[in-house]
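**Student:** Have a look at this one.
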Amino acid sequence: MISVSEALDACFALISPLETEVVDLKDAAGRTLAAPHQATRNQPPFAASAMDGYALKSVELQPQAQFMVVGESAAGARYSGKVRAGQCVRIFTGAPLPEGCDHVVIQEDTTRQGNVITLNTEIESKGNIRPAGNDFDAGFRMDGPRILSPGDIALLAAMNQPNITVTRKPVIAVLATGDELVQPGETPNEDQIIASNGCGLKALIEANGGEARLLPIARDNETSLRQGFELCAGAHLIVTLGGASVGDHDLVRPVATSMGMEPSFYKVAMRPGKPLMAGKIGDIPMIGLPGNPVSSMVCAQVFILPILRHMLGFVATPMERKTAPLAEDLRSNGPREHYMRATLRDGKLTVHARQDSSLLSVYANANALVVVAPLKQEQTAGTIVEYIDI
């Protein structure tokens, strides 16, 4: 049995970042930027008005001064004439500033009669101009790896980048196993339960940049398991659920071994999730998660997400651990590293009383996993502890 850290290092050794592809900007949200992209021009490309008003020379700015309106500058249609002394140009938000003008008086600070404006007694001193390159200059870079947010997409569009180089989506084959399982919506017999792990894992993978291929449930016999593994062809990673322990019906490991799996490790000193295994079938890495619903989801947080991020081009590191104080006393821990479902609220962590690895209702209402080291003694309320966001 190895530590979580050792197991994660072994998993990283099985995989490599995937190759890149070019996608249309409109399809790039949520993808991982894989190469630098540069702006091709300044933004804005010209000095522009920040308000609706009148462009004029600041040296002529005096309360109750009068100006002749000689033209108009609108967004997409600049005023190209010259502005002389005593003249101004009607200007709208986003429009190019006319040559020779360096101030925009907002329309609320003026009175207009025909083609003449009179400034109010009190005038706002702000120039209301966005300089050329105020947002970014030509050559401004966005670097990867970076998961592209809606804001990133808008920025890349402003940078005039219609085609984006991203890392290919990792395709992860998810194979649930067990005679006791039926799919959601099916009618179980009195000895069966609904398969929940696969659905939860698929949601987790796809919320973090991967593509999950949810396969039919493999039954507890060699033929069905072999068929399940054969359906994994073309995936970048195989994740099995259940069947990885040592019972008479736990056949995933022996069947995978008979199909040429090169084992990396089996059993990890963690709770929940001890019967975890990893290896490679041919050139496809494989991670075998426990069958208990919470065990599989916790192991997915600790192992699958860092693996997925590394496939997407991020540095191979564990999930970020944060710290916060305990809201209540926490009992001592046993010999395995414990990932305890907890709720972070108002800056404090409350560890849920029930930690059985079958309790999905507890997991669904948690937003953190408190990490407790092996053989850690009782910790009192207020103690600063480590946790992982979920």
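The values are calculated or read from the model by the stated rules, or taken from the named source; none is laboratory data. No experiment lies behind these values; they were computed from the predicted model shown. Methodologically, a virtual Cβ is constructed for each residue, glycine included, from the backbone with ideal geometry; neighbour enumeration extends over all protein chains shown. Surface accessibility is based on the protein's heavy atoms, side chains included, excluding ligands, DNA and RNA. Shrake-Rupley method; radii C 1.70, N 1.55, O 1.52, S 1.80 Å.
**Student:** What residue, among those in the range 209-235 that are in a strand (DSSP E or B) and charged (D, E, K, R), is farthest from the chain's Cα centre (by Cα)?
**Tutor:** By that ranking, first place goes to 213.
**Student:** I'm trying to understand the selection: among the residues of the range 347-361, which are closer than 15 Å to residue 323 by Cβ and not in a strand (DSSP E or B)?
**Tutor:** 347
**Student:** Out of the residues in the range 172-206 that are within 15 Å of residue 228 (Cα to Cα) and outside any strand (DSSP E or B), which is most open to solvent (accessible area, probe 1.4 Å)?
**Tutor:** The extreme case among them is 179.
**Student:** Now for a separate question. Within the range 306-323, which residues are open to solvent by 10 Å² or more (accessible area, probe 1.4 Å) and either on the phi < 0 side of the Ramachandran plot or in a strand (DSSP E or B) (or both)?
**Tutor:** 309, 310, 314, 315, 316, 317, 318, 319, 320, 321, 322, 323
**Student:** Could you please tell me which pairs satisfy a Cβ distance under 6 Å, a separation of 6+ or placement on different chains, a first residue in the range 1-27 that is farther than 26 Å from residue 273 by Cα and modelled with pLDDT of 95 or more, and a second residue that is of a type in the set (Lys, Arg) and open to solvent by 20 Å² or more (accessible area, probe 1.4 Å)?
**Tutor:** So the pair list comes out as 18/168; 19/168; 21/168.
**Student:** Does at least one position in the range 303-322 carry a residue that is more than 18 Å from residue 13 (Cα to Cα) and among the aromatic types (Phe, Trp, Tyr)?
**Tutor:** So far as the range 303-322 goes, no, none of its residues is more than 18 Å from residue 13 (Cα to Cα) and among the aromatic types (Phe, Trp, Tyr).
**Student:** Also: Mind checking which residues of the range 324-352 are buried (at least 18 other Cβ atoms within 10 Å of the Cβ) and either within 26 Å of residue 212 (Cβ to Cβ) or touching a helix residue (DSSP H, G or I) at 6+ places or on another chain (Cβ under 8 Å) (or both)?
**Tutor:** 337, 339, 341
**Student:** To continue, here is another question. Does the range 104-115 include one or more residues that are assigned to a loop (DSSP other than H, G, I, E, B), open to solvent by less than 90 Å² (accessible area, probe 1.4 Å) and modelled with pLDDT under 95?
**Tutor:** no
**Student:** Now for a separate question. Only residues that are of a type in the set (A, V, I, L, M) and in a strand (DSSP E or B): list them for the range 256-281, please.
**Tutor:** 261, 268, 270, 277, 278, 281, listed by residue number.
So that you can scan it fast, the table gives a plain yes or no per residue for (1) in contact (Cβ under 8 Å) with a residue 24 or more places away in the chain; (2) outside any loop (DSSP other than H, G, I, E, B); (3) open to solvent by less than 40 Å² (accessible area, probe 1.4 Å):
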| position | (1), (2), (3) |
| --- | --- |
| 83 | yes, no, yes |
| 126 | no, no, no |
| 139 | yes, no, yes |
| 154 | no, yes, no |
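**Student:** Let me ask something else. Go through 71, 30, 76 for me and flag whichever is in contact with a Gly (Cβ under 9 Å, 6 or more places away or on another chain) and open to solvent by 60 Å² or more (accessible area, probe 1.4 Å).
**Tutor:** Result of the check over 71, 30, 76: 76.
**Student:** How many residues does the range 215-239 contain that are open to solvent by 70 Å² or more (accessible area, probe 1.4 Å) and either touching a helix residue (DSSP H, G or I) at 6+ places or on another chain (Cβ under 8 Å) or without any contact (Cβ under 8 Å) to a residue 24 or more places away in the chain (or both)?
**Tutor:** So the count comes out to 7.
**Student:** Turning to a different aspect of this structure: Looking only at residues in the range 356-390 that are surrounded by 18 or more Cβ atoms within 10 Å (Cβ to Cβ) and polar (S, T, N, Q), which one is modelled with the highest pLDDT?
**Tutor:** Checking each candidate, the answer is 379.
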